[in-house]
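The values are calculated or read from the model by the stated rules, or taken from the named source; none is laboratory data. Small disclaimer: the values here were computed from a predicted structure and weren't measured. All Cβ positions, even for glycine, are placed from backbone atoms using ideal geometry, and neighbour counts span all protein chains on display. These area figures cover heavy atoms from the full protein model, side chains too; ligands, DNA and RNA do not enter into them. Shrake-Rupley method; radii C 1.70, N 1.55, O 1.52, S 1.80 Å.
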Amino acid sequence: MRMYINGAFTSGSATEEITVINPATEEVLDTVPMGTAVDVNTAVAAAKTAFSSWKRIPAWERAGLLHEAARKMQDHAEELAHLLTIEEGKPLEENEEEVFWTYDTFNYYAELGRHERGRFLPPGDPDQLNFVIKEPYGVVGCILPWNFPLLLLAWKLAPALAAGNTAVIKPSEHTPLSTLKLMELAFDHFPPGVVNVVTGAGVTGDALVRHPDVPLIAFTGSVATGQRIASIAAPMMKKLHLELGGKDPLVIGPDVSMELAVKATAYAGLINAGQVCTSSERIYVHESMYGRFSEELAEFVGSLKLGNGLDPDTDIGPMLRPHFREKVEGQLADAVQAGAKVLVGGKRPSHLERGFFLEPAVIVNVDHSMRLMHEETFGPTLPLMPYRNFDEAIALANDTTMGLGATLLSHDAKLVKRFFEEVKAGTIWINDPLTDNFAGPFGGMKMTGGGRELGQEGIDEFYEVKHVHWDVEGKIKEYWFPYGKQHK
Ligand code: NAD
């Protein structure tokens with residue numbers, strides 16, 4: 001497939017290609033151009049030209065275009081979910097959900113964009129009008145990871161467009177096909193230049209970050225890349241919206257049923273083979289149930305079916321690329337070396353000859369000195385630690401540099417209150433891990449970054465705020481210069 005710039009598909013000035021492969025079969029799916037700085041310039045110029053008219057289109061009209069895009073996505077939901085499955089690997093069922101949440105994000109922000117645009121303030125003087133207006137930034141650079149290619153794009157693109165910005169998107173080099181397909185299927189009715197996609201790798205993203213006509217970078221990805229982007233953007237004082245990695249805790253209270261504990265934990269840690277920024281990567285279990293829970297979780301996890309995401313019986317798909325699997329294997333090996341015990345999983349399955357599969361693992365005898373417990377894993381691992389009392393559980397949950405999400409399983413209101421008050425994380429889930437509500441903000445604390453996506457907060461990120469102070473009468477003021485004469 002080719003890039004999408006100024007309303008047309010093009011190879012731009014690329015001389016190299018990126019090969020996109022299916023992580024479940026290792027088959028080549030397609031190639032895309034390795035976009036260059038020249039292509040970034042062309043796309044930004046198109047987006048800048050388009051911005052001058054896009055920002056003036058009435059919000060209700062923009063809303064209509066966004067709703068139409070959502071309708072087209074819905075019409076092609078099956079095709080998009082299939083493409084996501086072969087490109088990214090997670091089970092089709094999860095991708096059908098991803099497509100639904102993607103088009104619904106466009107519907108949500110189409111409506112939100114028509115509403116609040118600012119506010120009036122009580123004037124300091126009866127002749128004055130004071131009001132706050134919200135304006136789009138201009139060309140927004142959207143840089144994306146690979147684990148939810150369309151959903152995470154929607155969380156940026158829908159509010160950015162609804163707020164009146166135009167966009168240049170740099171999808172992950174691993175999963176560009178679904179984004180390009182989205183352009184073909186759902187954005188052909190947009191004015192040229194409003195939405196552009198430049199495919200490529202880190203160098204392409206780097207060119208977008210450095211571009212002087214891109215005042216805002218909306219980035220989702222790893223902490224390391226976020227830090228690089230922040231250091232490049234700092235001298236330009238460029239606005240950044242950074243959604244970075246996680247190391248989420250899941251705490252199991254002593255009062256929940258074993259079935260809830262086992263099923264919620266497995267889901268929280270293993271959906272998309274653990275390749276979710278909000279995967280529960282550290283599991284803390286009350287000591288009264290730790291032994292039985294470890295056994296039952298290991299048995300349940302051992303029964304999950306690993307396979308190609310197109311097979312309806314598959315619970316867990318492959319990891320995206322061999323080097324991501326090697327990273328997880330390295331963390332597991334280090335932990336075992338330091339005394340951890342793998343109860344189940346952690347191996348490459350012998351029955352699947354191709355694909356980057358890793359059996360989901362349940363690990364005990366772990367502690368926070370191990371990489372497995374303090375580095376982001378981004379793979380199918382469930383390391384378990386017992387805790388004696390809730391003070392200890394909260395201290396363990398907070399013992400991380402990250403702050404994206406945190407889950408508590410408990411029906412005890414006192415524990416719940418302490419948990420959401422004391423745990424430093426952007427989203428707190430009680431008994432229902434990893435769910436989103438479009439009306440509520442999503443984002444992180446600490447090294448996970450700053451901005452918020454979804455909800456009102458998610459569109460506010462794409463507006464600049466301006467305070468207008470207007471003296472309608474325009475009389476000469478007594479308090480102006482010269483001071484001396486005035487006071488005589
Ligand atoms: P990554 O940081 O390797 O890449 C993300 C994007 O940045 C890609 O498009 C990549 O090409 C681009 N990039 C790389 N170097 C760049 C540079 N120097 N300048 C500009 N762009 C550059 O991350 P990934 O492996 O694609 O995704 C996994 C990471 O994303 C995990 O850490 C995960 O936790 C995080 N993530 C966070 C959230 C969230 O909402 N907080 C959601 C999903 C994923």
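Values as computed for the structure displayed
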read-out	value
GluC sites (Glu not before Pro) within the range 322-385, DSSP loop, no more than 10 other Cβ atoms inside 10 Å	Glu353
Exposure of Asp436 as accessible area (Å², to 10), given a probe of 1.4 Å and all protein chains	60
All lysines inside 17 Å of Lys134 as judged from Cα atoms, apart from same-chain residues fewer than 8 positions distant	Lys55, Lys239, Lys466
For the chain, fraction of C-alpha pairs farther apart than 28 Å, in %	55
Accessible area of the chain belonging to carbon and sulfur atoms, whole % at 1.4 Å probe	55
Cα-Cα pairs of the range 248-430 separated by more than 23 Å (percent)	37
Using alpha-carbon coordinates, inclination of helix 223-233 to the longest axis of the chain, degrees	20
Between 0 and 90°, nearest 10: helix 59-75 axis offset from the chain longest Cα axis	30
Share of Cα-Cα pairs in the range 149-192 lying beyond 14 Å, as whole percent	51
Heavy-atom accessible area ranking, 1.4 Å probe, most first, across Glu61, Glu478, Glu135	Glu478, Glu61, Glu135
The range 248-430, relative contact order in percent, only Cα pairs under 8 angstrom and at least six apart counted	29
Low-density loop positions, chymotrypsin sites (Phe, Trp or Tyr not before Pro), the range 436-488 - DSSP coil, at most 16 other Cβ in 10 Å	Tyr479, Trp480
In the range 1-107, the chymotrypsin sites (Phe, Trp or Tyr not before Pro) that fall in loop regions by DSSP, at most 11 other Cβ within 10 Å	none
Average accessible area per residue (Å²) across the chain - probe 1.4 Å, nucleic acids and ligands excluded	42
